[in-house]
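Each remark here refers to the structure printed beneath this line.
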Amino acid sequence: MRYVTFVISQMDDERCPNGESATDRAVNGEAIHYINLLDDGTGVALYQLRGDLKQSTEVLEADPEVLSVERSEASDGLVYLHFRANALMTDLLSIFRRYEIVVDWPMEYTDQGGLRVTTIGEDKKIREAIAEIPDGIQIVLEGIGEYHPDMRQLASLLTDRQQELLELAIDEGYYEMPRRATLRDLADQVNISAGTIGEHLRKIETKVITELV
């Protein structure tokens, strides 16, 4: 069982997968916990907001593509949306169904406004599905490999910045034997001192190792 993680960095019709306008900065997304497309061409989603929940809800309610919004009474930023599904989102989810691809929920928004998606399935089908993603959806591949259920739990221990630095260290060969990169090499790429990136990596290692043990 394989996984592929990629970030949707841009959708040409400037619509996000939940019906929210991608250019409307009054709404800040944290994650999409579930999406389901209905037979009438609409969709429902459990969407997590960050920031001013009241203001974000009002913006969504004013969006003509959003049919209804129900905000969670708990202070967790969750809202239930009923919206008109756009063509790109419909195409993307249809590809997942056709190739029997499972989405490892939630989809998570990055600090740069992209949407990180992890899919699970057979290796051949995953590759075929990625090849069919419409040109209007631009993706950046982040990882591919054997899926383990505890992967997301470990990743959730780290901040976005820590995940970026860990991925950089792995990609550059810092953890290989012998090492292909030094702390100075890593530091030069992210414009911080070698001591600072070393401290970041030690904190990352402590979190991950402690959880594993």
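Descriptive notes on the structure:
- Taking first residues from segment 107-118 that are assigned to a loop (DSSP other than H, G, I, E, B) and partners that are polar (S, T, N, Q) and open to solvent by 10 Å² or more (accessible area, probe 1.4 Å), the Cβ contacts under 6 Å between residues at least 6 apart in sequence or on separate chains come to 114/9.
- Flag if residue 127 is basic (Lys, Arg), at pLDDT 90 or above and either under 15 Å from the mean Cα position of the chain (by Cα) or open to solvent by 80 Å² or more (accessible area, probe 1.4 Å) (or both): no
- For segment 156-178, filtered to residues that are within 23 Å of residue 30 (Cβ to Cβ) and in contact with an Asp or Glu (Cβ under 8 Å, 6 or more places away or on another chain), the residue that is most open to solvent (accessible area, probe 1.4 Å) is 167.
- Test: residue in segment 5-14 that is open to solvent by less than 20 Å² (accessible area, probe 1.4 Å), on the phi > 0 side of the Ramachandran plot, under 19 Å from the mean Cα position of the chain (by Cα) and modelled with pLDDT under 90: no
- Every residue from segment 184-206 that is of a type outside the set (Gly, Ala, Ser) and open to solvent by less than 80 Å² (accessible area, probe 1.4 Å): 185, 186, 190, 192, 196, 197, 200, 201, 204, 205
- Identity of the residue in segment 47-75, open to solvent by less than 60 Å² (accessible area, probe 1.4 Å) and not in a strand (DSSP E or B), that ends up modelled with the lowest pLDDT: 74
- Of all the numbered requirements in (1) in a strand (DSSP E or B); (2) closer than 19 Å to residue 113 by Cβ; (3) out of contact with any helix residue (DSSP H, G or I) (no Cβ under 9 Å at 6 or more places or on another chain), residue 44 misses one, and that requirement is (2).
- Residue satisfying condition, being over 24 Å from residue 7 (Cβ atoms), of a type in the set (Phe, Trp, Tyr) and open to solvent by 50 Å² or more (accessible area, probe 1.4 Å), within set 34, 80: 80
- Residue 115 being closer than 25 Å to residue 1 by Cα, of a type outside the set (Gly, Ala, Ser), touching a Pro at 6+ places or on another chain (Cβ under 7 Å) and surrounded by 13 or more Cβ atoms within 10 Å (Cβ to Cβ): yes
- For residue 87, the conditions (1) more than 18 Å from residue 29 (Cα to Cα); (2) open to solvent by less than 60 Å² (accessible area, probe 1.4 Å) all hold with the exception of (2).
- Against the list (1) modelled with pLDDT under 90; (2) open to solvent by less than 40 Å² (accessible area, probe 1.4 Å); (3) not in a strand (DSSP E or B), the condition residue 181 fails is (1).
- Qualifying positions in segment 92-109 - surrounded by 15 or more Cβ atoms within 10 Å (Cβ to Cβ) and either among the charged types (D, E, K, R) or out of contact with any helix residue (DSSP H, G or I) (no Cβ under 7 Å at 6 or more places or on another chain) (or both): 92, 93, 104, 105, 106, 107, 108, 109
The values are calculated or read from the model by the stated rules, or taken from the named source; none is laboratory data. Fair warning: this is a prediction, and the values are worked out from it, not measured in the lab. Backbone-built Cβ (ideal geometry, glycine too); neighbour counts: all protein chains shown. Accessible surface is based on the protein model in full, side chains and every heavy atom, while ligands, DNA and RNA are left aside. Shrake-Rupley method; radii C 1.70, N 1.55, O 1.52, S 1.80 Å.
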